[in-house]
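A short worksheet on the structure shown next.
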Amino acid sequence: MASVVVVGLGYIGLPTAAMLALNGNDVYGVDIALQTVEALRNGNVPVRERDLTAIVRDAIRTGRLRVSDKPRKADYLILCVPTPKKDHRPDLSALRSASRAVAEYVAEGSTVIVESTVPPGTCSNVVRPIIEAEDRRAGKDFHLAYCPERVMPGNIIREIVENDRIIGGLTSKCGELARKLYTTFVRGQIHLTDLVTAEFVKLAENAFRDVNIAFANELADLAEAHGIDIWQAIELANKHPRVSILRPGPGVGGHCIAVDPWFLLTPKTTSRMIPAARLTNDLRPETVARKTLEFSGHLKKPKVAVLGVAYKGNADDIRESPAIKVIEMLQEKGVALAPYDPLVPQDTYPTLQFEDAIDGADCILILADHREFYYIDPVVVARRVRKKLLFDTRNCVDHRLWSKAGFDVRLLGSFGIRHTDGLQSKSREWDRR
Ligand code: SAJ
């Protein structure tokens with residue numbers, strides 16, 4: 001059993017702390033937000049994630065997970081703090097202050113592990129000098145490793161155990177010590193490498209996804225120009241054993257995919273594809289806003305009911321949400337917006353009750369594919385709207401049913417086609433989960 005400090009009790013740090021505690025380690029969860037510490041001490045979990053509350057309460061009940069706003073000496077000190085983007089550059093202020101906060105608690109033989117997503121070289125050039133300022137040498141007096149997370153929000157508790165992990169060590173001993181800790185709860189394989197390669201790999205994973213989403217989005221526009229349904233085209237193309245085209249959508253949100261690719265670029269690097277993909281994805285909200293106006297714009301002051309303000313389906317996070325960008329663009333054009341989202345808390349973003357959002361609406365605009373939307377009864381909606389227009393940018397409802405209820409159904413990626421006969425591809429994300 002190891003003693004572990006986990007700094008940052010957000011959607012990565014808190015599940016990590018709980019899983020370490022439930023697998024025999026003595027864990028001290030640390031967060032500078034006193035309300036987070038108080039909430040956890042009272043058994044409330046301020047991070048909304050499937051199964052997380054039960055896991056955290058169990059961990060606290062065993063006495064192996066305690067929380068505080070201050071670190072303490074430990075065998076391992078894990079830094080899981082946010083590294084947001086500011087004008088395409090990483091803001092490492094939280095990581096710097098977390099490093100300073102733990103420095104005095106790094107004892108002889110301790111291992112410092114960074115989990116935050118960082119530009120290549122950060123562990124060596126930012127974290128290491130701060131810890132070493134206490135007259136200690138990394139790799140000799142204490143150990144330094146990097147272990148990025150790869151969990152998918154909405155699926156964290158399963159993926160934090162099952163996913164393979166990459167660990168970069170300053171030295172091979174540093175990597176081995178970090179591996180020893182993660183094998184207490186990770187069932188996936190653990191792959192060792194050096195610090196910079198591990199930092200680079202994390203960013204490459206997300207840049208890969210961003211470029212592939214951009215490709216799907218560009219294909220969607222090409223499909224529309226050719227008058228075909230992109231969703232059917234992607235479903236058929238993906239029958240090829242080596243093709244796996246992702247899903248077009250209204251844009252790329254979240255604080256990862258929309259951010260991390262920029263961390264690969266420095267003034268000394270050149271990249272055409274990464275910025276081009278970012279631009280393609282960042283232009284999607286404008287495309288959706290333009291089509292929505294086209295679809296309902298002939299009405300003098302249309303009311304658009306927006307279903308889903310979260311950055312993606314089955315998430316309650318609105319960071320970099322493309323849905324909010326679409327809402328703001330339509331508001332600027334004088335459209336009356338009525339947002340509904342069953343998962344995003346009211347204090348995060350003001351939304352309406354479902355009935356209030358759809359009452360008198362001229363267009364239903366789906367911007368996040370929450371599972372709940374698939375089960376909305378279009379006959380009920382048809383009775384409450386003013387015009388029966390449905391613009392589904394996520395291909396996430398049964399278009400045959402909506403068309404039978406009298407709706408003119410359009411999809412992003414086949415906007416010119418009125419979907420009636422339900423030839424809809426079954427490519428909804430959760431069908432494949
Ligand atoms: N999106 C599409 N089309 C797709 C897939 C996603 O438009 O086919 C959009 C989503 O709607 C959303 C955005 O992209 O707005 C990002 O969603 P996501 O599901 O691709 O990714 P995240 O940000 O929730 O999680 C990603 C994951 N990275 C990869 O899959 C390579 C996760 O494994 C990472 O741990 C996470 O980033 C992170 O924290 O880095």
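Quick rundown of the values:
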| item | result |
| --- | --- |
| Ala178 vs. criteria in contact (Cβ under 8 Å) with a residue 60 or more places away in the chain, out of contact with any helix residue (DSSP H, G or I) (no Cβ under 9 Å at 6 or more places or on another chain) and among the hydrophobic types (A, V, I, L, M, F, W, C) | yes |
| Checklist (1) modelled with pLDDT of 95 or more; (2) in the same structural domain as Ser321 (by TED's automatic domain parsing) applied to Ser296, failing item | (1) |
| Evaluation of Leu246 against (1) crowded, with 23+ Cβ neighbours inside 10 Å; (2) within 8 Å of the ligand (Cβ to nearest atom) (one fails), failing number | (1) |
| Scan of the range 363-372 for residues that are surrounded by 22 or more Cβ atoms within 10 Å (Cβ to Cβ) and either more than 16 Å from the ligand (Cβ to nearest atom) or in a helix (DSSP H, G or I) (or both), ordered by number | Cys363, Ile364 |
| Number of the exception - His143 against (1) surrounded by 22 or more Cβ atoms within 10 Å (Cβ to Cβ); (2) within 13 Å of the ligand (Cβ to nearest atom) | (2) |
| Unique residue being within 11 Å of the ligand (Cβ to nearest atom) and under 30 Å from Ala21 (Cβ atoms) when the list is Glu205, Glu162 | Glu205 |
| Yes/no for Ala357 being crowded, with 16+ Cβ neighbours inside 10 Å, within 11 Å of Ala305 (Cα to Cα) and not basic (Lys, Arg) | yes |
| The range 287-323, residues that are of a type in the set (Asp, Glu) and either closer than 16 Å to Leu337 by Cα or more than 16 Å from the ligand (Cβ to nearest atom) (or both) | Glu294 |
| Residue match in the range 210-219 (condition: more than 16 Å from the ligand (Cβ to nearest atom) and more than 18 Å from the chain's Cα centre (by Cα)) | no |
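Per-residue answers, yes or no, for (1) open to solvent by 10 Å² or more (accessible area, probe 1.4 Å); (2) more than 22 Å from the chain's Cα centre (by Cα); (3) within 11 Å of the ligand (Cβ to nearest atom):
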{"residue": "Cys174", "(1), (2), (3)": "no, yes, no"}
{"residue": "Gly188", "(1), (2), (3)": "yes, no, no"}
{"residue": "Asp221", "(1), (2), (3)": "yes, yes, no"}
{"residue": "Arg242", "(1), (2), (3)": "yes, yes, no"}
{"residue": "Gly254", "(1), (2), (3)": "no, no, yes"}
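The values are calculated or read from the model by the stated rules, or taken from the named source; none is laboratory data. This is a predicted model, so every value here is computed, not measured. Using ideal geometry, Cβ is built from the backbone for each residue, glycine included, and neighbour counts are taken over all protein chains shown. Quick note on the areas: whole protein, heavy atoms, side chains included, nothing else; ligands and nucleic acids left out. Shrake-Rupley method; radii C 1.70, N 1.55, O 1.52, S 1.80 Å.
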